[in-house]
Amino acid sequence: MGSEMASDWIRIIVGLIIVLAFSQLNALFLVWLERKVAGHIQLRYGPMEVGPHGILQTIADGIKLVGKELITPLSADWKLFVIAPVLVFMPVLVAFLVLPFDENLVIRDMNLGVLLIFAFSTLSVLAILAGGWAANNKYALLGAIRSVAQNVAYEIPLLLAVLSVALMTQSLRFSEIVAAQCRVWFIFLQPVAGLIFLICATAETNRAPFDIPEAESELIAGFHTEYSGMRFGLFFLAEYTNMFIVSAVATALFFGGWHGPFGFSFGLPGIVWFLLKVYILLFVIMWVRWTFPRVRFDQLMNFSWKVMLPLSLLNLIVTAAVLKFI
Amino acid sequence: MAEQFQEPVVEQIYTLNLGPQHPSTHGVLRVLLDLDGEFIIKADPVIGYGHRGHEKMAENRTYKQFMPNSSRMDYLSGLLYNHGFVLAVERFAGVEVPERAKYIRVICAELNRISSHLLWFGTYIMDLGGFTPFLYCFDDRENILDILDRVTGSRLTYSYCRFGGVNRDLDGEFISMTRAFIERLRSRWTDYHNLVTKNVIFIHRTRDVGVITPELARQYGVVGPNLRACGIPFDVRKSEPYEVYDRFDFVIPTGTKGDALDRYNVRLEEMEQSCRIIEQALDQLPEGPHINEVAPFKVKPPRGEIYFAFESARGLTAYYLVSDGSPYPYRCHIRVPSFGNLQVLTEVFRGTLVADAISILGSIDVVIPEIDR
């Protein structure tokens, strides 16, 4: 009993260290990738100076951010203001605990893993609200308000889309959901849910064309207008880590997780397939960002409540009916 | 912990200070917005941050010395302003201009108009949140700047025109570069239309947004593409043709509703029309001197006044010059198109969302230094 407890603890601590290292490195890589993708879409090269093809650019930027002064506005609610960037990063780390990178490569394979991820990723909106409110800046406040409204609106169709997958597998455990897709990925069985999930996930992570909480041309920088130095850096890293998590969840729920296409693994280990799919999804998200203009706030809301929600409900009902009668 | 009692909030209206350092106010415009949530109750543009006193400067310089100032009011269509000023003074002082110079001026002015519209296109889409078309446009615009750089020697603030002609003659390289550019620009329309015009998000962001009715436009003196988007085909190049514009076959594109989408379409079509003008001018380009060598060195218009209107990239622009017979203008007033175009915003902004306000401001295409002068 005692030794089992000890091995459990070791597993958690080692897992946490790996998660911290991976999420940070991954975010650094994603920032670089985003700039490269943007550059090549826009007929330029992107970062080229620091390291081969600018791969170390983000590290240089990170060092610069750490060295910068942390400015707290005089009129800000400083307690909330300081805590918000920390708060925004915590749920992100928790989500890594249940992500199934491979059949046996998951820190904690909980039977409520899917629920845990969405429960915690919802928390980050609180941090955004706290940050936007505490800064005592009208632009930041507007950004925070928009962010909350948007997250509430898109959480519901997102969860309904996930629910239809959960109905099919009768489970909220990631390993079981992925195992059920060893032949056919759920994106082919649940194309509507998959599409809804991807759109909502883009909105959840505040990415273009749904990046209205930080709409640069309107709200300057939205909720993190007043943040400087590494506090801003944390918001920034959290955004990219969030992107990774939604892509990973989408991979696990709809794109067959660690399985190769149609059950053929081509000799590659599961983690390679998993990460490959995640990065392809991430590339798509970036591609979308640098192609589309931003939607307007009310249009975004209408789209969620009037299109996405009925569609996901309908999809859920159809799924349930099909499962019941077949 | 003693909590201070706070009066319950009755008034939900708050003021947002948009600018003068906001990323999308295009220069140093400040707009005081009274907001109810995200809806604008009242908008109050504040101008004057870029005031340099160009009009007063004109009174202390000879006409020739004022030439560099003329292109620094609207930095996006500097050559058009330069052209207009030279035309006004030439008409005032009665300076003869050779035929070739007239064509050269028209070609360069229209190139400048295209570059101004291209920049507007890019920044407008950027206001709407799409960053990529901006760099595509700048790639195209770079070509124009290279072409104009070759003949005028500068890339933004041109002092190319002279009283009685232009500074430098066109060469074969210029002509082939211009023709190649027009061909290239035309091949780019498909890209632009696929990227932007047909984009459903773009259409939803611009259709029925910021409607300027013809009545409103007349009241506030809205001119240029904004006026034409309301359906009024007013263009100084057609209504009072100056230079050699009456010799070219081009149409004035108009819109129907006067919304942001119409303004967008009108500007895009205007670029095509400018291409047509340039092509015709290149075909008709006569031989001869590029400057009137016998023009007086010191321009001294007779006592009196002149009002000369021309079409800049933003609409009807005019120089009003008063002379007391000396080589210095007694008064130089400039009627700028952006002033009227900006004024109408107070009406148009009412009841719109903040996001739309940015979109409308971008679609109007104001250049603040031109208003502030």
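B:LEU170 passes all but one of (1) within 14 Å of chain A (Cβ to nearest Cβ); (2) in contact (Cβ under 8 Å) with a residue 60 or more places away in the chain; (3) not in a helix (DSSP H, G or I); which number fails?
Single failed check for B:LEU170: (1).
Looking at the stretch B:84-128 only, could you name the residues that are within 14 Å of chain A (Cβ to nearest Cβ) and touching a Lys or Arg at 6+ places or on another chain (Cβ under 6 Å)? Give the steps one after another, and end with the answer.
Step one: filter the stretch B:84-128 for residues within 14 Å of chain A (Cβ to nearest Cβ), giving B:121-128.
The one that is within 14 Å of chain A (Cβ to nearest Cβ) and touching a Lys or Arg at 6+ places or on another chain (Cβ under 6 Å): B:LEU128.
Before we move on, is B:PRO8 more than 14 Å from every other protein chain (Cβ to nearest Cβ), assigned to a loop (DSSP other than H, G, I, E, B) and either loosely packed, with under 15 Cβ neighbours inside 10 Å or at pLDDT 85 or above (or both)?
Details: more than 14 Å from every other protein chain (Cβ to nearest Cβ): yes; assigned to a loop (DSSP other than H, G, I, E, B): yes; either loosely packed, with under 15 Cβ neighbours inside 10 Å or at pLDDT 85 or above (or both): yes.
In short, yes.
Go through (1) assigned to a strand (DSSP E or B); (2) hydrophobic (A, V, I, L, M, F, W, C); (3) in contact with a helix residue (DSSP H, G or I) (Cβ under 9 Å, 6 or more places away or on another chain) one by one and return the number of the condition B:VAL322 breaks.
Among (1) assigned to a strand (DSSP E or B); (2) hydrophobic (A, V, I, L, M, F, W, C); (3) in contact with a helix residue (DSSP H, G or I) (Cβ under 9 Å, 6 or more places away or on another chain), B:VAL322 violates only (3).
Select, from B:PRO233, B:PRO225, B:PRO241, the only residue that is under 24 Å from B:LEU87 (Cα atoms), touching a Ser or Thr at 6+ places or on another chain (Cβ under 8 Å) and not charged (D, E, K, R). Spell out how you get there, then give the answer.
Working: B:PRO225 fails: touching a Ser or Thr at 6+ places or on another chain (Cβ under 8 Å); B:PRO241 fails: touching a Ser or Thr at 6+ places or on another chain (Cβ under 8 Å).
Unique residue meeting the criteria: B:PRO233.
Can you confirm whether the stretch B:347-366 contains a residue that is among the hydroxyl-bearing types (Ser, Thr, Tyr) and within 30 Å of B:ALA58 (Cβ to Cβ)?
At the first step, the residues of the stretch B:347-366 found to be among the hydroxyl-bearing types (Ser, Thr, Tyr) are B:352, B:359, B:363.
Now narrow it down to the ones that are within 30 Å of B:ALA58 (Cβ to Cβ): none.
Among the residues of the stretch B:347-366, not one is among the hydroxyl-bearing types (Ser, Thr, Tyr) and within 30 Å of B:ALA58 (Cβ to Cβ), which makes the answer no.
Applying the selection to the stretch A:86-130, what residues are more than 20 Å from A:TRP273 (Cβ to Cβ) and outside any helix (DSSP H, G or I)?
Across the stretch A:86-130, the qualifying residues are A:LEU97, A:ARG108, A:MET110, A:ASN111, A:LEU112.
If I ask for residues that are without any contact (Cβ under 8 Å) to a residue 60 or more places away in the chain and touching a helix residue (DSSP H, G or I) at 6+ places or on another chain (Cβ under 8 Å), which ones from the stretch A:247-267 would you list?
If the condition is that a residue be without any contact (Cβ under 8 Å) to a residue 60 or more places away in the chain and touching a helix residue (DSSP H, G or I) at 6+ places or on another chain (Cβ under 8 Å), then A:SER247, A:ALA250, A:THR251, A:GLY260, A:SER265 are the ones that fit.
Considering only the stretch A:268-294, how many residues are buried (at least 16 other Cβ atoms within 10 Å of the Cβ) and assigned to a loop (DSSP other than H, G, I, E, B)?
So the count comes out to 5.
Could you check, for the stretch A:8-25, whether at least one of its residues is within 14 Å of chain B (Cβ to nearest Cβ), out of contact with any strand residue (DSSP E or B) (no Cβ under 7 Å at 6 or more places or on another chain) and of a type in the set (Phe, Trp, Tyr)? Can you show your working first?
Taking the stretch A:8-25 as the starting set, the residues that turn out to be within 14 Å of chain B (Cβ to nearest Cβ) are none.
Within the stretch A:8-25, not a single residue is within 14 Å of chain B (Cβ to nearest Cβ), out of contact with any strand residue (DSSP E or B) (no Cβ under 7 Å at 6 or more places or on another chain) and of a type in the set (Phe, Trp, Tyr).
At pLDDT 85 or above and out of contact with any Pro (no Cβ under 7 Å at 6 or more places or on another chain): which single residue out of A:LEU311, A:LEU323, A:LEU300 fits that description? Write out each step before concluding.
Details: A:LEU323 fails: at pLDDT 85 or above; A:LEU300 fails: at pLDDT 85 or above.
Going through A:LEU311, A:LEU323, A:LEU300 in turn, the sole match is A:LEU311.
So, in the stretch B:19-44, how many residues would count as being facing chain A (nearest Cβ under 9 Å) and either crowded, with 18+ Cβ neighbours inside 10 Å or touching a Gly at 6+ places or on another chain (Cβ under 6 Å) (or both)?
Total meeting the criteria: 4.
What are the residues in the stretch A:151-191 that are surrounded by 24 or more Cβ atoms within 10 Å (Cβ to Cβ), of a type in the set (A, V, I, L, M) and under 20 Å from A:MET110 (Cα atoms), if any?
Hits for the stretch A:151-191 are A:VAL162, A:VAL165, A:ILE177, A:VAL178.
Could you check the stretch A:59-85 and list, in sequence order, the residues that are under 23 Å from A:TRP32 (Cα atoms) and assigned to a helix (DSSP H, G or I)? Full working, then the answer.
At the first step, the residues of the stretch A:59-85 found to be under 23 Å from A:TRP32 (Cα atoms) are A:59-68, A:85.
Result: A:ILE59, A:ALA60, A:ASP61, A:GLY62, A:ILE63, A:LYS64, A:LEU65, A:VAL66, A:GLY67, A:PRO85.
Condition check ((1) touching a Leu at 6+ places or on another chain (Cβ under 9 Å); (2) of a type in the set (Asp, Glu); (3) surrounded by fewer than 18 Cβ atoms within 10 Å (Cβ to Cβ); (4) assigned to a loop (DSSP other than H, G, I, E, B)) across all residues:
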| site | (1), (2), (3), (4) |
| --- | --- |
| B:MET73 | no, no, no, yes |
| B:GLU90 | no, yes, no, no |
| B:ALA101 | no, no, no, no |
| B:SER116 | yes, no, no, no |
| B:LEU119 | yes, no, no, no |
| B:ASN143 | yes, no, no, no |
| B:SER176 | no, no, yes, no |
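Of the numbered conditions (1) over 16 Å from the mean Cα position of the chain (by Cα); (2) within 14 Å of another protein chain (Cβ to nearest Cβ), A:PRO310 fails exactly one; give the number of that condition.
Tallying (1) over 16 Å from the mean Cα position of the chain (by Cα); (2) within 14 Å of another protein chain (Cβ to nearest Cβ), A:PRO310 fails exactly one: (2).
Before we move on, is B:ILE277 in contact (Cβ under 8 Å) with a residue 40 or more places away in the chain, of a type outside the set (D, E, K, R) and in a helix (DSSP H, G or I)?
Details: in contact (Cβ under 8 Å) with a residue 40 or more places away in the chain: yes; of a type outside the set (D, E, K, R): yes; in a helix (DSSP H, G or I): yes.
Yes; evaluated as a whole, the condition is true for this residue.
Output the number of the condition that B:SER239 fails; it satisfies all remaining conditions of (1) of a type in the set (Ser, Thr, Tyr); (2) over 20 Å from the mean Cα position of the chain (by Cα); (3) more than 23 Å from B:THR346 (Cβ to Cβ).
Only one criterion in (1) of a type in the set (Ser, Thr, Tyr); (2) over 20 Å from the mean Cα position of the chain (by Cα); (3) more than 23 Å from B:THR346 (Cβ to Cβ) is unmet by B:SER239, namely (2).
Given the criteria surrounded by 13 or more Cβ atoms within 10 Å (Cβ to Cβ), among the polar types (S, T, N, Q) and in contact with a helix residue (DSSP H, G or I) (Cβ under 6 Å, 6 or more places away or on another chain), does A:ASN315 qualify?
On the way: surrounded by 13 or more Cβ atoms within 10 Å (Cβ to Cβ): yes; among the polar types (S, T, N, Q): yes; in contact with a helix residue (DSSP H, G or I) (Cβ under 6 Å, 6 or more places away or on another chain): yes.
Criteria met by A:ASN315.
Taking the stretch A:147-200, which residues are farther than 22 Å from A:LEU126 by Cα, among the polar types (S, T, N, Q) and in a helix (DSSP H, G or I)?
A:SER164, A:THR169, A:SER175
Give me the pairs, please: first residue somewhere in the stretch B:197-215 and within 9 Å of another protein chain (Cβ to nearest Cβ) and farther than 22 Å from B:THR346 by Cβ, second residue anywhere and crowded, with 16+ Cβ neighbours inside 10 Å and β-branched (Val, Ile, Thr), beta-carbon distance under 8 Å, and either six or more positions apart or on two chains.
From the stretch B:197-215, the pairs are B:ILE201/A:VAL295; B:PHE202/B:ILE125; B:PHE202/B:VAL196; B:HIS204/A:VAL295.
Of the residues that sit in the stretch A:43-61 and are at pLDDT 85 or above and within 14 Å of chain B (Cβ to nearest Cβ), which one is farthest from A:VAL31 (Cα to Cα)?
A:ARG44
Can you tell me which residue is surrounded by the most Cβ atoms within 10 Å (Cβ to Cβ) among those in the stretch A:192-232 that are of a type in the set (D, E, K, R) and within 12 Å of another protein chain (Cβ to nearest Cβ)? Working first, answer last.
We begin by selecting, within the stretch A:192-232, every residue of a type in the set (D, E, K, R); these are A:204, A:207, A:211, A:214, A:216, A:218, A:226, A:231.
Among the residues that remain, those that are also within 12 Å of another protein chain (Cβ to nearest Cβ) are: A:207, A:211, A:214, A:216, A:218.
Numbers: A:ARG207: 19, A:ASP211: 21, A:GLU214: 25, A:GLU216: 17, A:GLU218: 30.
Only one residue tops the list, namely A:GLU218.
For the stretch B:129-166, which positions are within 13 Å of chain A (Cβ to nearest Cβ) and at positive phi?
Selection gives B:GLY129 alone.
Among the residues of the stretch B:341-373 satisfying the criterion of being part of a loop (DSSP other than H, G, I, E, B) and charged (D, E, K, R), which is farthest from the other protein chains (Cβ to nearest Cβ)?
In the first step, residues of the stretch B:341-373 are kept if they are part of a loop (DSSP other than H, G, I, E, B); the result is B:344, B:350-352, B:365-367, B:373.
From what's left, charged (D, E, K, R): B:350, B:365, B:373.
Numbers: B:ARG350: 17, B:ASP365: 15, B:ARG373: 26 Å.
Checked the stretch B:341-373; the qualifying residue farthest from the other protein chains (Cβ to nearest Cβ) is B:ARG373.
What's the number of the only condition in (1) surrounded by fewer than 16 Cβ atoms within 10 Å (Cβ to Cβ); (2) farther than 21 Å from B:LEU156 by Cα that B:GLY53 fails to meet?
With respect to (1) surrounded by fewer than 16 Cβ atoms within 10 Å (Cβ to Cβ); (2) farther than 21 Å from B:LEU156 by Cα, B:GLY53 is out only on (2).
Can you go through B:ASP235, B:ASP259 and tell me which one is buried (at least 24 other Cβ atoms within 10 Å of the Cβ), touching an Asp or Glu at 6+ places or on another chain (Cβ under 7 Å) and modelled with pLDDT of 85 or more?
Numbers: B:ASP259 fails: buried (at least 24 other Cβ atoms within 10 Å of the Cβ).
Answer to the check: B:ASP235.
The values are calculated or read from the model by the stated rules, or taken from the named source; none is laboratory data. Just so it is clear, the structure is predicted and the values come from calculations on it, not from any experiment. Using ideal geometry, Cβ is built from the backbone for each residue, glycine included, and neighbour counts are taken over all protein chains shown.
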